[in-house]
């Protein structure tokens, strides 16, 4: 099976390329945009809705605040995009916010960003899947009772395809993003056009009234409500830093191309978010956190769900919820959201690899070709996201509470780091034109840092009780764990500092061959050990069962084995302890010598066969490694079944495209 | 911690004894009886109740059948005990039914018995815990809503103490059994005495009527009902074969002592079962499967539970449910039932060890001192029993449906095997007195085989739909798995048959030392490899990162390492594949030589440290073992943290007392 699928894969995706050929395969901007922008662009699908949901808590009267809040979000989005254009040009290595914060604000700040980004990836998965399913249910309302289940199924599918090694193919993945963008732009144009000619589209919910949860708000309370709405709207910014992590995958000049793509993404995001918000106002779209607060909602408000804002707009603009336009928008929206979740499955190993390179995570995450650790990452990501989806009833609105803190933590630290970066540059650069450019950059990033910092405070204040406290716990926890890992590596590194004199050369080698019966593996171990010409060579067996031991001695003589067989008595029928005692005694007699223990091992092809073999050999080996001056040699004997193992597997890992590896 | 507990353990339980001192520590009959009989004697606590429950399905009218059915169970019990008295004398090695069936009816019959016994152990745990909790709830009815939970908690406690290595201490474990036996005998005497003087005790349920579920039964249906009641009553026999598995733990003459203990156990079981059944009739104790079928039951029949039969009798005899006698009976009953469940945790590894010796189960189960595999067995036993308890609502009545088939399968095959055993013996023995003795044994076992065989058919017919079909699936499944394991071992054995000429002596040894950086572990691996004086010696590194590789080459020269360093290019940043390719090429050039790969390994003390080290080394090693002509040598470097590992642990394993190991 293995070989036939890999042949098929080769036919479909072509031969893998070598690192030194990589520059032939870097992404043109028209592919880089959809690959990196599926995450930030998809968030316009739910940002407007989250603003309206919060304002609606005080009734329809406060919906008039929507345009102002939308405007604030647009300004913020523009600031963040401009700031990150600076980042990609200054740090084209793809470390993004993490690299900027570590280099300029010190490793601790970098580690906080890393923790925030890890939380981000989890929330990207959870929120995107939840929002995608919301839009599927908007098109097929009868699925509402199975909302959580559908979420978990999508999550499982995403995890499964990534475990199988989904190849993030630029071309195929570009299509849904473009389809979504075109669809939304056409919808905005059509809606505005209809409004211009006096036929303004009307949402199904336009006539519904909203029973306010908060009545008679004070001025301060209104301000707080507006801030809450604003921080919910900030979800439009999530994913904006994606391009800054993918710069190495761009064609040269990498920084400039990335900055241009960033600009295009920003313009698209602003146009789409503003357009959807304006259409929501024109069509009088109404949504409420609790469906039962909607006076006029047809059907049972306890079991049926409201349509998403984008679905209501699409239905209003394209002429009802059976129009082709409506289904087009819902399909592409769901598709781009699921795709956005997939980007987290790709970005997670990438970040892990960078953190591992800096020794904040286990080292094996750094090396490529290590499927197992990627698999663990994918499973961890899916399980945590699944638990969150389950715990928060797959509600996009509830999950978003957890999302924004991580995002704005990394925004703020990154922008602050950039300000420092420019300050440092100013000290070195004398050229006037360059100094002007640097000063301009510093102003942009300073504004970015202020804006995102204020938003972070606002988000913390307004979202804390709604679940954000979980993130406030998670990020420091991740920080401590990663710092602990790095300390461990450093301690070990000091302990292992090479000795200038080298290790003392042992004077003699004593070889012991473990034998339980005399069969081919034992015979091979004996002949390998003899070929190594040690100073002494003894075969050794532990007498657990008298009959077995006598049988071994008999065959030993019968086959005239040239190596003497020593029997260790084991009054308590154990294997490990008598051997360890014997070896300790040998070591005591000649401490400058080395003991080499040869263990015959079976090599089997099927996982369950391992349960039937090698268990005591493995445990014994694990114990022997604790003895100084002992080395353990495994002499494998390949059983016929070992041919069943598929040893060669074409390796494509998640995140390859983002690293510039095709 | 490890050493202080083991010191404490030594103080409490004394030093462990060596195998050759075992005869000093064998069990006298007065201790063997309670240790092996807790399982069979505890079943009298629920057997009578199960008979009444079935008869009550047809209303109170049919309860008059109870004495006849009880009599049939007593006769059967006597026959089985007499039969097993023959078994323990003929097969004193402790293999019990499994050994008898394998030796006389062939390995397949033995394997069926083994499967049945494995099912038995699971059901012993489930049924005993459920019945124990029934009796706790009879004394404290307010716990009824938490029935399943309490069951699972007891199960978890049993698993935990056995995982920690509960020492089955003869003396401590003997007490509850004797307390239970004495209590029940006193209760029977007191009850019969009161009846004799005209003050017959009256159960709380004596006045209740039972709404029959089956009305107007035909003669055939009545017969079927009686058969069902009889097969339910046969639960009194469960555990009867326990002594036959523990013969090695008896003092000499083992067979005779075991047979006498068997007889004492049988007499006790018959007296107790008969006494409880007679008292149930005298006190007019009523129980019904569905509490709501009891007209007169006080309280809410949907949430409250009936008292067990033994609890109702105790309350009636000792003057109410607040008398000391009542609490005594309930406490000792619950205690002996939990103890009976514990015996399964002891018996399971014992049976596993025998099956492993015969290569039906993974071989490591055979060797003592292997905590890990016992732990897996204990966890598996607890989990399966827990699932059954959960699935059957912790109902003793429902669980018992699954219990009896396994028990009677092994009874029948064992007795049939004994008949064959005697037939064979008769062919050889000429002495008249001995022939008479053998013929008597043959008659007893033939009767046993017929009786238990008929009961097996009855049980199959009457219990199949009630859940017994699960057992009918499980036993053949176990049979197939165990046969598969044995076939695998046999195939491997043939494949590994020693070569008369021995393995070909390789002409040369080429040593490769893996190096990623030059630190103490690498230095040690280099010096160990040099000490072994191979024909060629090369250090080898895979170039995953150019900077790291250049740094390695620099320090290599700086330290003037005498071994040449070879750099393998890895265009895809993998470690394993370039190495395997390199080694394959070496092998192709000189196929008669052996390659020895030295891998420096860190040895750490805490489990999580393993996650941070050695991962790629381990994976690489796993892959290299598949190459013929390659041996892999681990050169350990003990990090300071390796001293944290508790290497010596005093070993007491479940089942020790039953094996005659103190």
If you check residue A:602 against the conditions, is it in a strand (DSSP E or B), touching a helix residue (DSSP H, G or I) at 6+ places or on another chain (Cβ under 6 Å), within 10 Å of another protein chain (Cβ to nearest Cβ) and buried (at least 18 other Cβ atoms within 10 Å of the Cβ)?
no
What residue, of A:631, A:586, is touching a strand residue (DSSP E or B) at 6+ places or on another chain (Cβ under 7 Å), more than 10 Å from chain B (Cβ to nearest Cβ), modelled with pLDDT of 70 or more and closer than 28 Å to residue B:503 by Cβ?
A:586
Considering residues of the range B:449-488 that are surrounded by 18 or more Cβ atoms within 10 Å (Cβ to Cβ) and within 14 Å of another protein chain (Cβ to nearest Cβ) only, the residue farthest from residue B:122 (Cα to Cα):
B:488
Does residue A:636 count as facing chain B (nearest Cβ under 7 Å), at pLDDT 80 or above, touching a strand residue (DSSP E or B) at 6+ places or on another chain (Cβ under 9 Å) and assigned to a strand (DSSP E or B)?
yes
Determine, yes or no, whether residue A:379 is part of a helix (DSSP H, G or I), within 23 Å of the chain's Cα centre (by Cα), surrounded by fewer than 17 Cβ atoms within 10 Å (Cβ to Cβ) and touching a residue at least 40 places away in the same chain (Cβ under 8 Å).
yes
Taking the range A:190-237, which residues are in a helix (DSSP H, G or I), in contact (Cβ under 8 Å) with a residue 12 or more places away in the chain and over 30 Å from residue A:98 (Cβ atoms)?
A:190, A:191, A:192, A:194, A:195, A:222, A:224, A:225, A:226, A:229
Scope the range B:238-277; condition within 23 Å of residue B:127 (Cβ to Cβ) and either in a loop (DSSP other than H, G, I, E, B) or not assigned by TED's automatic domain parsing to the domain that holds residue B:120 (or both); matching residues:
B:238, B:239, B:246
Residue count for the range B:505-532, restricted to those that are part of a loop (DSSP other than H, G, I, E, B), farther than 25 Å from residue A:522 by Cα and within 7 Å of chain A (Cβ to nearest Cβ)
2
Scanning the range A:549-569 residue by residue, the ones that are part of a helix (DSSP H, G or I) and farther than 21 Å from residue A:530 by Cα total 4
How many residues does the range A:533-548 hold that are within 11 Å of chain B (Cβ to nearest Cβ), buried (at least 20 other Cβ atoms within 10 Å of the Cβ) and not in a loop (DSSP other than H, G, I, E, B)?
1
Failed criterion for residue A:71 (all others in (1) farther than 27 Å from residue A:258 by Cα; (2) without any contact (Cβ under 8 Å) to a residue 24 or more places away in the chain hold)
(1)
Tally time: how many residues in the range A:570-583 are out of contact with any strand residue (DSSP E or B) (no Cβ under 7 Å at 6 or more places or on another chain) and either in a strand (DSSP E or B) or within 9 Å of chain B (Cβ to nearest Cβ) (or both)?
7
Among the residues of the range B:489-504 satisfying the criterion of being surrounded by 12 or more Cβ atoms within 10 Å (Cβ to Cβ) and farther than 24 Å from residue A:529 by Cα, which is nearest to the other protein chains (Cβ to nearest Cβ)?
B:489
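The values are calculated or read from the model by the stated rules, or taken from the named source; none is laboratory data. Note that this is a predicted model, so its numbers are computed, not measured. Note: ideal-geometry Cβ built from the backbone for every residue, glycine included; neighbour counts use all protein chains shown.
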